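To start, the structure itself, in structure tokens.
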Amino acid sequence: MNVQSSHGHSHSKGPQSLRLTKGAKKVLEVLERTDELSSAQDIHSALRNEEDSPPGLTTVYRSLESLVQLGLVQSVDFGDGERRYEMVKPGEHHHHLVCEKCRNSVHLDQCLVQQLEESIQAKYKFEVRGHILEIFGLCEQCQQAMAPAGKNQ
Ligand SMILES: [Zn+2]
Ligand SMILES: [Zn+2]
Ligand SMILES: [Zn+2]
């Protein structure tokens, strides 16, 4: 369930006009058609299912790295050792609520720390360039599943 999704209705197909490697283009295509955060493994197996000569896992990782650097892809740390990736509009980012049990995630449509950045900048004379913030916990379904029997509804 997405609170907000910026995917899927962008008018300018910007990325294609950039000079991307073949691998990076394919990785981007996979990310473009999903709202879910995908791991490198997910992307790799998606490509293996549909490509005659799919890029190897190393290429997928390398492509993701360069896409992140270009600001076309955001990498998200789920705290389980495997990063997830999603396509973002250039220069944009979002934050996520990550369920520690089922690993579902909800995209938040607003930046939670813009004010904090400004006060840090003022107080510490620190030029803030970015931040990473994910919120971990239990989604509603997992809370219900863990509730004592009989207490449902
Ligand atoms: Zn959950
Ligand atoms: Zn997101
Ligand atoms: Zn933010």
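Computed from the coordinates by the stated procedures, all read-outs in this text should not be read as laboratory data. Quick caveat: nothing in here was measured; it's all calculated off a predicted structure. Don't worry about glycine lacking a Cβ; one is built from the backbone with ideal geometry, like all the others, and counts go over all protein chains shown.
Using 0.36 nm per residue, how much length does the chain from residue 50 to residue 82 gain when fully extended, once their Cα-Cα distance is taken away?
9.2 nm
What distance in nm lies between label points placed 7 Å from Cα along the C-beta direction at residue 133 and residue 92?
Calculated label separation equals 1.8 nm.
How long is the gain from residue 116 to residue 58 if the chain were fully straight, where each residue apart is worth 0.36 nm and the alpha carbon distance is subtracted?
My answer for the length gained is 17.2 nm.
Kindly provide the chymotrypsin sites (Phe, Trp or Tyr not before Pro) of the stretch 51-137 that DSSP labels as loop, not H, G, I, E or B, and whose Cβ sees at most 10 other Cβ atoms within 10 Å.
126
With labels modelled as points extended 7 Å from the Cα through the Cβ direction, what inter-label distance (nm, one decimal) is found for residue 65 paired with residue 142?
If labels sit at residue 65 and residue 142, their model points lie 3.0 nm apart.
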